[in-house]
Amino acid sequence: MVALALAFSASPALAATIEVTIDKLVFSPANIEAKVGDTIEWTNNDVIAHTATVKGGWEVAIPPKSKGRIIVKTAGAVDYFCRFHPNMKGRLEVSP
Amino acid sequence: MYIRSIATLAALLLVSAAPYAQAAEKPTDPQIAHIAYTAGVIDIEAAKQAIKDSKNKEVVDFAKDMERDHEAVNKQALDLLKKLKVKPEDNATSQALTKAAKEERAKLAKLKGADFDKAYIENEVAYHKQVNGALETLLIPSASNAELKSLLETGLKIFQGHQQHAEHVAGMLK
């Protein structure tokens, strides 16, 4: 959030990092907004592996007690889920 | 079908005993820990069999997920029990689960190819459904230690995810 605020105030060209925490099979926050070029970083606090997967699209591996990240390249809204635990769901809205 | 019905029966016996017996017959924390751990071991054994015997990538990948997750959860369970100084206690439900699983493995061992894949995945759907039902209606409400209860609740979320994953793979095999 700090990074996000700095990015906006200092220079709009600076990409931000948006952090998502995974705890007990929940993406938090579940809905996130980003701009093209931003990084999404997932921190997995669980003891089991997860993924952030877009059906027919990208996939990020998020190992247990570890992080996974992606730089968003295209604008648009996508729903994502964990391929191992499809009951874990999130949504990402990317603006140009 | 016979095998699954024994396992279901065991769960039903537990569930149906609960309203009548209340405090007297509800499982104790050492028994709950044993049941949860045993259920995990059973799924790991089934996964190992599928990894060895299946030629279907989706099925093998699913089995690897099951092996990895259940091993992680069971390790956490053992760590917690050690910390709490609780010794898991063998009981009739654990024994019924183990017996049913042994029979299921023997049944699967006779199957090959697509028949094996279908039977394994269908059993995974039914088994997770059964274990999740027992967790929701009996094991979680009966657990008295807060940390054990929390671990069981996390387990339930993980295994609900497994059930959905298994249902997805089952749909693909049709």
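The values are calculated or read from the model by the stated rules, or taken from the named source; none is laboratory data. What you see is a predicted model; the values in this text were computed from it and never measured. Because the Cβ atoms are built from the backbone with ideal geometry, glycine has one as well, and the counts that use them run over all protein chains shown. What goes into the accessible areas is simple: the full protein's heavy atoms, side chains included, and nothing from ligands, DNA or RNA. Shrake-Rupley method; radii C 1.70, N 1.55, O 1.52, S 1.80 Å.
When the Cα centres of the stretch A:46-96 and the stretch B:91-115 are compared, how far apart do they sit, in Å? Using only Cα atoms to place each centre, the spacing works out to 35 Å. All Cα-Cα distances of the stretch B:23-89, cut into 5 Å bins from zero to the largest, leave 4, 18, 22, 17, 14, 11, 8, 5, 2, 0 percent in each bin in turn.
Filter B:K48/B:K85; B:K52/B:K110; B:K118/B:K174; B:K107/B:K157; B:K52/B:K129; A:K65/B:K82 down to the pairs with a C-alpha to C-alpha distance above 19 Å, please. Beyond 19 Å: B:K48/B:K85; B:K107/B:K157; B:K52/B:K129; A:K65/B:K82.
Computed about the Cα centre, the dipole magnitude for the protein assembly as shown is approximately 440 debye when only Lys and Arg (+1) and Asp and Glu (-1) carry charge, each at its Cβ. The A-B contact accounts for approximately 1200 Å² of buried accessible area, totalled over both chains at a 1.4 Å probe radius. Within the same chain, aspartates and glutamates fewer than 8 places from B:K112 are excluded, and of the rest, those with a Cα less than 12 Å from its Cα are B:D53.
For the protein assembly as shown, go through all pairs of different Cα atoms, get the mean of 1/r, take its inverse, and jot down that Kirkwood value in Å.
20.2 Å
From the square roots a ≥ b ≥ c of the eigenvalues of the alpha-carbon gyration tensor of the stretch B:106-174, which class results: rounded (a/c under 1.5), prolate (a/b over b/c), or oblate? Judged from the Cα gyration tensor, the stretch B:106-174 comes out prolate (a/c at least 1.5, a/b above b/c).
In summary, the convex hull built on the alpha carbon positions of chain B has an orientation-averaged projected area of 9.2 nm². At the residue level, B:I158 shows approximately 10 square angstrom of accessible surface with a 1.4 angstrom probe and all protein chains present. Amide H of A:V20 versus every other amide H placed in the peptide plane: which residues, excluding those fewer than 5 positions away on the same chain, fall under 5 Å? Residues meeting the criterion, in which the H sits 1.01 Å from N, are A:E41, A:W42, A:T43.
For chain A, what does the relative contact order come out to in percent, with C-alpha contacts under 8 Å and a separation of six or more?
So the answer I get is 27 percent.
Here the Karplus relation 6.51 cos²θ - 1.76 cosθ + 1.60, evaluated at θ = phi - 60°, turns the backbone of the stretch B:147-156 into coupling constants of 5, 5, 4, 5, 5, 5, 5, 5, x, 4 Hz, with x for every Gly and Pro. The residues of the protein assembly as shown expose, per residue, 52 Å² of accessible area to a 1.4 Å probe. Normalised Debye scattering of the stretch A:40-96 at q = 0.18 Å⁻¹ gives log10 I(q)/I(0) of -0.58, counting only Cα atoms as equal scatterers and leaving out solvent. For chain B, what relative contact order do you get, as a whole percent, if you take Cα pairs closer than 8 Å and at least 6 residues apart? Here the relative contact order equals 34 percent. Across the stretch B:42-49, rounded Karplus estimates of 3J(HN,Hα) from the backbone phi angles (6.51 cos²θ - 1.76 cosθ + 1.60, θ = phi - 60°) give 4, 6, 5, 4, 4, 5, 4, 4 Hz, Gly and Pro being marked x.
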